[in-house]
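The values are calculated or read from the model by the stated rules, or taken from the named source; none is laboratory data. This structure is a prediction, so every number in the text was calculated from the model and none was measured. Cβ sites come from the backbone with ideal geometry, for glycine too, and all protein chains shown count toward neighbours.
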Amino acid sequence: NLSYVLHTAGRYLVKRFRKAQCPIVERLTNSLMMHGRNNGKKLMAVRIVKHAMEIIYLLTDQNPIQVIVDAIINGGPREDATRIGSAGVVRRQAVDISPLRRVNQAIYLLTTGNRESAFRNIKTIAECLADELINAAKGSSNSYAIKKKDEIERVAKANR
């Protein structure tokens, strides 16, 4: 059986880089609790992730945690454009993204795409999350995270 941790009740935001120590699956669970009506409903988020993992296992026959890790690796943009302003002239400048921010951004994009696809949809949010993670792990452009990542990197490339 999988010993994955979805709810540690750890204080990961006390220090600056402490959240890098948080289990990656719990980070995913926490970021599912966004948008006011879902705030604080961690048990709901835990249930969603568990169902999604079962669906991933049934669809792919792979270890769901490996699929999640691959999705996060593929879903994080490698470079971004930042705004550099001096004397009222604002221009964009391409910058590399730090490893922690890549992970944060990937998790954010995955859950945002998941939320959008599940909204006003017959499919449950767990099914949508499973689809999003599988597509992102494969690197297919059906995934919201992969599309956004490509878009961010394209903008950065234009502003080098």
**Prompt:** Any idea how many residues of the range 108-137 are of a type outside the set (Ser, Thr, Tyr) and either in contact with a strand residue (DSSP E or B) (Cβ under 9 Å, 6 or more places away or on another chain) or more than 15 Å from THR29 (Cβ to Cβ) (or both)?
**Reply:** 16
**Fill in**
In the range 5-20, anything part of a helix (DSSP H, G or I) and either within 11 Å of the chain's Cα centre (by Cα) or closer than 17 Å to ILE68 by Cα (or both) is listed as ALA20
**Prompt:** Cβ-Cβ below 6 Å, separation at least six or inter-chain, first residue in the range 111-135 and without any contact (Cβ under 8 Å) to a residue 12 or more places away in the chain, second part of a helix (DSSP H, G or I) and of a type in the set (S, T, N, Q): which pairs?
**Reply:** none
**Asked** LEU6 versus (1) surrounded by fewer than 15 Cβ atoms within 10 Å (Cβ to Cβ); (2) modelled with pLDDT under 90: which is the lone unmet condition?
**Response** (1)
**Asked** Taking only pairs six or more apart or across chains, which ones have beta-carbon atoms under 8 Å, a first residue in the range 1-17 that is more than 23 Å from MET44 (Cβ to Cβ), and a second residue that is modelled with pLDDT of 90 or more and surrounded by 10 or more Cβ atoms within 10 Å (Cβ to Cβ)?
**Response** PHE17/LEU100
**Prompt:** Which is among the hydrophobic types (A, V, I, L, M, F, W, C) and over 18 Å from the mean Cα position of the chain (by Cα), of ALA158, ALA136, ALA71?
**Reply:** ALA158
**Asked** If you go through the range 76-97 one residue at a time, do you hit one that is under 19 Å from SER143 (Cβ atoms) and assigned to a helix (DSSP H, G or I)?
**Response** no
**Prompt:** For LEU110, are the conditions met, namely being modelled with pLDDT of 90 or more, buried (at least 19 other Cβ atoms within 10 Å of the Cβ) and touching a Phe, Trp or Tyr at 6+ places or on another chain (Cβ under 9 Å)?
**Reply:** yes
**Asked** For ASN121, which of the numbered conditions (1) within 16 Å of the chain's Cα centre (by Cα); (2) within 20 Å of MET33 (Cβ to Cβ) fails to hold?
**Response** (1)
**Request:** Could you grab me the full set of residues in the range 85-107 that are touching a strand residue (DSSP E or B) at 6+ places or on another chain (Cβ under 7 Å) and not aliphatic (A, V, I, L, M)?
**Result:** ARG91, ARG92, GLN93, ASP96
**Message:** Condition check: surrounded by 12 or more Cβ atoms within 10 Å (Cβ to Cβ), more than 16 Å from ALA130 (Cα to Cα) and touching an Asp or Glu at 6+ places or on another chain (Cβ under 6 Å). Does PRO23 satisfy that?
**Reply:** no
**Asked** Which members of the range 24-48 meet the condition of being under 17 Å from VAL69 (Cβ atoms) and of a type in the set (Lys, Arg)?
**Response** ARG27
